[in-house]
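Taking it in order: structure first as structure tokens, then the write-up.
The values are calculated or read from the model by the stated rules, or taken from the named source; none is laboratory data. Worth saying up front: this structure is predicted, and the values here are computed from it rather than measured. Note that each Cβ is placed from the backbone with ideal geometry, even for glycine, and that neighbours are counted across all protein chains shown.
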Amino acid sequence: MKANRLRELVVISGKGGTGKTSIAASFAALAENKVMADCDVDASNLHLVLSPHILERREFVGGSKATVVTEKCVGCGRCAQLCRFDAFSFDGPANDVVAKTYRVDPLACEGCGVCAHFCPASAVDFSPRVTGEYYVSATRFGPFIHARLGIGGGNSGKLVTAVRREAVRVAEDNGLSLLIIDGAPGIGCPVIASLAGAGAALIIAEPTVSGLHDMERVAALAYHFGVQAYVCINKHDLNPAMSKAIERHARECGLAVLGKVCYDPAVTRAQMDGLSVIELGASNAAEDIRRLWNAVERVLYSS
Ligand code: SF4
Ligand code: SF4
């Protein structure tokens with residue numbers, strides 16, 4: 001059944017809170033010969049279940065940020081006039097020329113570089129900054145690549161790309177045949193970075209009206225990037241009519257529903273214990289996820 005080519009599965013959802021990470025964590029417990037990656041770098045929480053032991057730590061340079069070199073600033077205010085993000089305030093320390101200088105709020109700076117370009121005194125330092133870290137870790141389920149983005153770090157799409165690239169390297173170095181990615185929710189830059197070029201995407205959908213629209217949006221994104229998408233309906237029994245509507249709609253869009261997972265308090269218990277629901281023992285949700293994984297594995301290895 002297994003082949004040498006690296007398969008890449010991204011678990012995604014149209015928004016946060018659909019149970020995406022719980023399902024990815026269960027896949028970590030069920031899949032063999034794999035590397036796990038957490039590409040939900042803005043709100044990563046897969047590490048809470050996988051309890052990684054960090055083996056390698058790499059700095060992430062996410063882009064440049066402006067800072068005012070106080071000694072050079074002449075207080076002209078040109079930077080504040082030009083900054084579209086209101087990142088400047090006129091409360092910096094005095095220097096030999098002026099009583100007050102300008103100062104940049106690093107959380108407000110979007111790194112566009114305009115102020116540095118137009119400052120008449122070359123008083124804006126615009127250098128690349130370390131805005132996060134990513135890690136290669138060992139876990140009870142095998143290698144795990146994850147990241148931490150500093151507050152206001154931005155550029156999370158670029159960090160996702162770094163995490164993915166590192167995960168592929170680890171898979172290749174260790175002869176692993178599968179990469180399972182806990183992707184970012186939504187349709188923004190981080191999810192595009194986790195999705196583009198992947199072999200398959202599993203969309204975790206909730207049985208609600210907004211869940212249906214979220215599924216549509218993220219499925220359109222997968223289609224745009226040429227990624228084969230599949231659907232899992234999580235907590236399907238909370239709204240059977242809506243579940244049926246999602247199944248029907250998925251079918252009409254050419255999306256196969258690979259499984260449905262029931263609502264089960266065991267999932268919350270597992271989260272509180274830092275375990276995947278599979279490890280907690282027999283439960284209805286664990287059974288559903290096992291069936292789901294079997295179906296996912298079949299489609300992954302069928303090509
Ligand atoms: S444009 Fe340059 S010199 Fe003028 S206030 Fe801003 S940092 Fe200071
Ligand atoms: S780099 Fe752009 S966003 Fe940052 S302070 Fe300068 S003008 Fe504002």
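The table that follows gives values for the structure above.
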item	result
Condition broken by N95, with the remaining ones in (1) more than 16 Å from ligand 2 (Cβ to nearest atom); (2) closer than 30 Å to E166 by Cα; (3) touching a helix residue (DSSP H, G or I) at 6+ places or on another chain (Cβ under 7 Å) satisfied	(2)
Considering residues of the range 81-92 that are surrounded by 13 or more Cβ atoms within 10 Å (Cβ to Cβ) and not in a strand (DSSP E or B) only, the residue farthest from ligand 1 (Cβ to nearest atom)	F85
Wholly within the range 207-299, helices (runs of 4 or more DSSP H) carrying at least 1 residues that are under 22 Å from the mean Cα position of the chain (by Cα) and of a type outside the set (K, R)	209-224, 265-272
Count of residues meeting criterion [within 16 Å of S127 (Cα to Cα) and out of contact with any strand residue (DSSP E or B) (no Cβ under 6 Å at 6 or more places or on another chain)] in the range 73-105	1
Test: residue in the range 24-44 that is within 13 Å of ligand 2 (Cβ to nearest atom), of a type in the set (K, R) and in contact (Cβ under 8 Å) with a residue 12 or more places away in the chain	no
Selected residue (criterion: farthest from F85 (Cα to Cα)) from residues of the range 113-146 that are aliphatic (A, V, I, L, M) and more than 16 Å from ligand 2 (Cβ to nearest atom)	A138
Conditions (1) buried (at least 18 other Cβ atoms within 10 Å of the Cβ); (2) away from ligand 2 (no atom under 16 Å from the Cβ); (3) not assigned by TED's automatic domain parsing to the domain that holds V261; number of the one not met by Y102	(2)
Matching option when the condition is in contact with a Gly (Cβ under 8 Å, 6 or more places away or on another chain), among the hydrophobic types (A, V, I, L, M, F, W, C) and surrounded by fewer than 18 Cβ atoms within 10 Å (Cβ to Cβ), among A295, A256	A295
Residue within the range 121-131 that is surrounded by 20 or more Cβ atoms within 10 Å (Cβ to Cβ) and more than 30 Å from Y102 (Cα to Cα) present	no
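Let's see how each residue does on (1) at pLDDT below 95; (2) farther than 24 Å from A31 by Cβ; (3) outside the structural domain of P207 (by TED's automatic domain parsing):
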| site | (1), (2), (3) |
| --- | --- |
| F225 | yes, no, no |
| C232 | no, no, no |
| S243 | no, yes, no |
| V257 | no, no, no |
| I289 | no, no, no |
| V296 | no, no, no |
